[in-house]
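Worksheet: one structure, shown below.
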Amino acid sequence: MDIDGTAEAIRTMEVRGAAKIATVAAGALRDLAAGWEGDDVGTLREELGRAGRTLLDTRPTAVSLRNAIAAVLKDMETCPDATALKELVESNADVFISRSEQAKGLIGRMCAGRIRDGSTVMTICNSTMAIAGILEAHRQGKSIRVLAAESRPRRQGYITARTLAEAGVDVTLIVDSAVRYHMAKTDVAVVGADAIASNGAVINKIGTSQLALAAHEARVPLIVCAESYKFSPLTMGGELVEIEMRDPAEVVDPGEFPGVKISNPVFDATPPEYIDVIVTELGVIPPGAAYEIIVQQFGYGALSEVE
Ligand code: RI2
């Protein structure tokens with residue numbers, strides 16, 4: 001897919017999930033570089049910068065997308081000619097995509113190690129990483145039962161439920177308002193992350209913080225599965241991750257509610273106190289170690305923008 005096609009697919013959420021939007025964007029930048037036929041390095045650099053901004057504008061608050069674009073376009077100014085720049089971008093993108101794929105396997109195994117045989121596992125939305133952990137536990141022969149929260153407004157929980165059922169996992173779909181009711185019978189909660197702030201707060205699909213509160217109240221451990229590129233260097237100074245507000249029409253048809261305002265925040269922030277561990281490809285960390293992951297991955301001077 002070209003840049004505009006990829007941008008449209010991310011904007012409309014045809015391509016969605018923090019890991020997927022990151023790797024698809026990386027692939028689109030790689031394809032742009034690979035297919036470039038001009039020989040002026042400056043023009044290609046500008047074109048790649050423009051493409052990066054177009055992709056980022058689709059979901060401007062998405063940390064995984066920003067980090068992916070920055071990783072693919074890093075060190076562009078060191079290239080003396082267009083051939084070197086093409087090779088650099090292709091190689092950066094390939095490294096990013098293959099690390100993301102490897103991360104899924106590693107996170108899946110480490111998460112599965114924390115799911116006991118006979119457990120009931122609750123999850124929300126549709127996270128590749130959380131599902132990797134659940135599927136690995138199932139593959140290891142553990143008898144597990146999964147409660148998948150529907151995840152209004154777009155109901156990505158349906159995808160999770162279908163995926164798990166197709167893999168032979170015992171899965172029950174629940175509405176979001178039934179999360180606390182079902183928490184009493186839950187042994188562990190496993191969720192993904194769209195972003196992680198330097199204080200260990202996890203930004204994930206709207207409803208995750210309510211699930212976390214209910215888990216905390218019931219003393220059910222909450223595991224967050226997230227690759228290191230979900231950590232936000234822009235929060236190193238204590239800044240908050242901006243919450244994306246999407247079209248009210250995703251909630252209901254506004255025409256059916258004249259005079260009614262409709263709010264559609266798509267993520268919420270779960271404070272670190274309600275999170276037991278974050279499973280990353282670098283290891284399992286307490287949320288309080290998020291800052292160290294950011295420094296390790298991005299350095300102290302990583303507050304620069306993509307531009
Ligand atoms: P993976 C999704 O966001 C969900 O909130 C999900 O929990 C999170 O990304 C992480 O997903 P959206 O794109 O990266 O549906 O683990 O808004 O697949």
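Pairing each residue of the stretch 175-198 that is open to solvent by 50 Å² or more (accessible area, probe 1.4 Å) with any residue that is more than 16 Å from the ligand (Cβ to nearest atom) and in a strand (DSSP E or B), provided the two are 6+ apart or on different chains, yields C-beta distances under 6 Å for 185/120; 187/120. Residue check: is residue 226 open to solvent by less than 50 Å² (accessible area, probe 1.4 Å), at pLDDT 95 or above and under 14 Å from the mean Cα position of the chain (by Cα)? Yes: the conditions hold for residue 226.
Got at least one residue in the stretch 38-48 being of a type in the set (A, V, I, L, M, F, W, C) and within 15 Å of the ligand (Cβ to nearest atom)? Within the stretch 38-48, not a single residue is of a type in the set (A, V, I, L, M, F, W, C) and within 15 Å of the ligand (Cβ to nearest atom).
Checking each residue in the stretch 32-64 for being out of contact with any helix residue (DSSP H, G or I) (no Cβ under 9 Å at 6 or more places or on another chain) and crowded, with 23+ Cβ neighbours inside 10 Å picks out no residue at all.
Search the stretch 115-150 for residues being part of a loop (DSSP other than H, G, I, E, B) and farther than 24 Å from residue 176 by Cα, and hand back the single one that is least open to solvent (accessible area, probe 1.4 Å). Spell out how you get there, then give the answer.
Narrowing the stretch 115-150 to residues part of a loop (DSSP other than H, G, I, E, B): 115-119, 125-127, 140-144, 150.
Filter once more, so that each one left must be farther than 24 Å from residue 176 by Cα: 116-117, 140-143.
Details: 116: 184, 117: 106, 140: 87, 141: 59, 142: 44, 143: 77 Å².
Applying the filter and picking the extreme gives 142.
Within the stretch 5-31, take every residue that is open to solvent by 20 Å² or more (accessible area, probe 1.4 Å), in contact (Cβ under 8 Å) with a residue 40 or more places away in the chain and closer than 22 Å to residue 91 by Cα and give me the one that is nearest to the ligand (Cβ to nearest atom). Filtering first and then ranking leaves 20. Restricted to the stretch 258-286, and to residues that are open to solvent by 50 Å² or more (accessible area, probe 1.4 Å) and over 23 Å from residue 230 (Cβ atoms), which residue is nearest to the ligand (Cβ to nearest atom)? Across the stretch 258-286, the extreme among qualifying residues is 263. Within the stretch 276-307, being within 21 Å of residue 74 (Cα to Cα) and either assigned to a helix (DSSP H, G or I) or at pLDDT 95 or above (or both) holds for 293, 294, 295, 296, 297, 298.
Being more than 15 Å from the ligand (Cβ to nearest atom), within 18 Å of the chain's Cα centre (by Cα) and open to solvent by 50 Å² or more (accessible area, probe 1.4 Å): is that true of residue 98 here? Taking the combined requirement at face value, the residue satisfies it.
Restricting attention to the stretch 132-161, the residues that are in contact (Cβ under 8 Å) with a residue 60 or more places away in the chain and of a type outside the set (Gly, Ala, Ser) total 4. Among the residues of the stretch 136-150, just one is more than 14 Å from the ligand (Cβ to nearest atom) and within 10 Å of residue 124 (Cα to Cα), namely 147.
Where helices (runs of 4 or more DSSP H) fall wholly inside the stretch 1-86, the ranges with 2 or more residues that are farther than 28 Å from residue 280 by Cα are 3-11, 18-34, 41-58.
The values are calculated or read from the model by the stated rules, or taken from the named source; none is laboratory data. The model shown is predicted, which means the values in this text are computed figures rather than measured ones. With ideal geometry, Cβ positions are generated from the backbone for all residues, glycine too; neighbour counts draw on all protein chains shown. All accessible areas refer to the heavy atoms of the entire protein, side chains included, with ligands and DNA or RNA removed. Shrake-Rupley method; radii C 1.70, N 1.55, O 1.52, S 1.80 Å.
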